[in-house]
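Written out below as structure tokens is the structure these notes cover.
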Amino acid sequence: MSRVAVVTGGGSGIGLAVCRHLGQQGHRVAVLDVDREAAEQAAEDLRRCGVQALACAVDVSQRTAVDDALATVRGAIGPVEIMVTSAGIAEFSAFTDISLEAWNKVIAVNLTGTFHCLQAAIPDMVHVAWGRIVTIASSAGQIGSPRQGHYAASKGGVIALTKTVAREYGAHGITANTIPPFFVDTPMSRAAEAARDIPSPAEVAARIPGGRLGTVDDIAATCAFLCSEEAGYITGQVIGVNGGAVL
Ligand SMILES: NC(=O)c1ccc[n+]([C@@H]2O[C@H](COP(=O)([O-])OP(=O)(O)OC[C@H]3O[C@@H](n4cnc5c(N)ncnc54)[C@H](O)[C@@H]3O)[C@@H](O)[C@H]2O)c1
């Protein structure tokens, strides 16, 4: 069955792979990203593969922009049935050096941005008594992460928000689950590695029971399953797709 899926951060990394996987499953896909060019490229690539897709340039921390984007999506491909929130930013600073500005920025994008997107999409799902929500959190939100106090707090908030939405909207046929990746090879993790904010991929891989870094397809395949009909009895769960890095 073709559903309408919105993927934030769909222009790159994990979000981009989620767009591909949902498109391959026959869903219509709206790619939301603050990077207009990346969103348009992603939508163009999807269309070339026969997927009904559109791009919206939107900063998820801005509520009006999110509301406008979802109005555009409804007009173009229909009401939102699947919402995947992958838009996010990472910053590294010793805890006592985190400025209020950096704190506010990370919380605004990662946590408040997720709040805006879920709140804007849920009424559509309630209307049809069906919905799938997958938030992309981080292992930092489960186990903490040195020099990432703001990031870890934002992702811990995403996990708690997702569980709350699951409890509140389960009776409406809506599931809400979160995937907290550990270390996935994406532009975000490569930038952190280049800035020496994280150890080399080889060092990280050696600490993962599965012996390798995650791929965007590892995350996207699980996400697509959580968005499927078959996953209707899975809700409020923190689904680790991390090679056993967090047990
Ligand atoms: N890569 C990892 O190892 C890893 C680990 C844990 C969690 N995550 C989380 O996974 C998600 C995806 O990360 P990724 O690794 O694919 O990174 P990425 O940088 O490749 O992709 C993130 C996308 O989000 C977009 N974005 C950033 N700010 C935005 C905003 N305000 N509004 C809309 N879009 C915005 C970016 O333009 C980009 O396209 C993030 O939430 C990240 O925190 C990633």
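The values are calculated or read from the model by the stated rules, or taken from the named source; none is laboratory data. A quick note: this is a predicted structure, and the numbers were derived from the prediction, not measured. Backbone-built Cβ (ideal geometry, glycine too); neighbour counts: all protein chains shown. Side chains are part of the model used for accessible areas, which takes the heavy atoms of the whole protein and leaves out ligands, DNA and RNA. Shrake-Rupley method; radii C 1.70, N 1.55, O 1.52, S 1.80 Å.
Considered as a group, the residues in the stretch 96-111 that are part of a helix (DSSP H, G or I) and open to solvent by less than 50 Å² (accessible area, probe 1.4 Å) include one that is nearest to the ligand (Cβ to nearest atom), and that residue is V109. Contact map, the stretch 82-95: residues that are away from the ligand (no atom under 13 Å from the Cβ) and polar (S, T, N, Q) paired with residues that are part of a strand (DSSP E or B) and open to solvent by less than 30 Å² (accessible area, probe 1.4 Å), Cβ distance under 9 Å, separation 6+ or inter-chain. Pairs shown: S93/Q148.
Looking across the stretch 179-221, the residues that are within 13 Å of the ligand (Cβ to nearest atom), among the polar types (S, T, N, Q) and either crowded, with 20+ Cβ neighbours inside 10 Å or more than 15 Å from the chain's Cα centre (by Cα) (or both) come down to T186, S189. Being open to solvent by 30 Å² or more (accessible area, probe 1.4 Å) and of a type in the set (S, T, Y) holds for only one residue in T114, T8, T85, T64, and it is T64. Condition (residue is within 24 Å of V134 (Cβ to Cβ), out of contact with any helix residue (DSSP H, G or I) (no Cβ under 6 Å at 6 or more places or on another chain) and of a type in the set (D, E, K, R)) applied to the stretch 180-202: is it met by at least one residue? Looking for residues that are within 24 Å of V134 (Cβ to Cβ), out of contact with any helix residue (DSSP H, G or I) (no Cβ under 6 Å at 6 or more places or on another chain) and of a type in the set (D, E, K, R), one finds at least one in the stretch 180-202, hence yes. In contact with an Asp or Glu (Cβ under 9 Å, 6 or more places away or on another chain), of a type in the set (A, V, I, L, M, F, W, C) and either open to solvent by less than 50 Å² (accessible area, probe 1.4 Å) or assigned to a helix (DSSP H, G or I) (or both): is that true of A120 in this structure? Judged against the criteria, A120 is a match.
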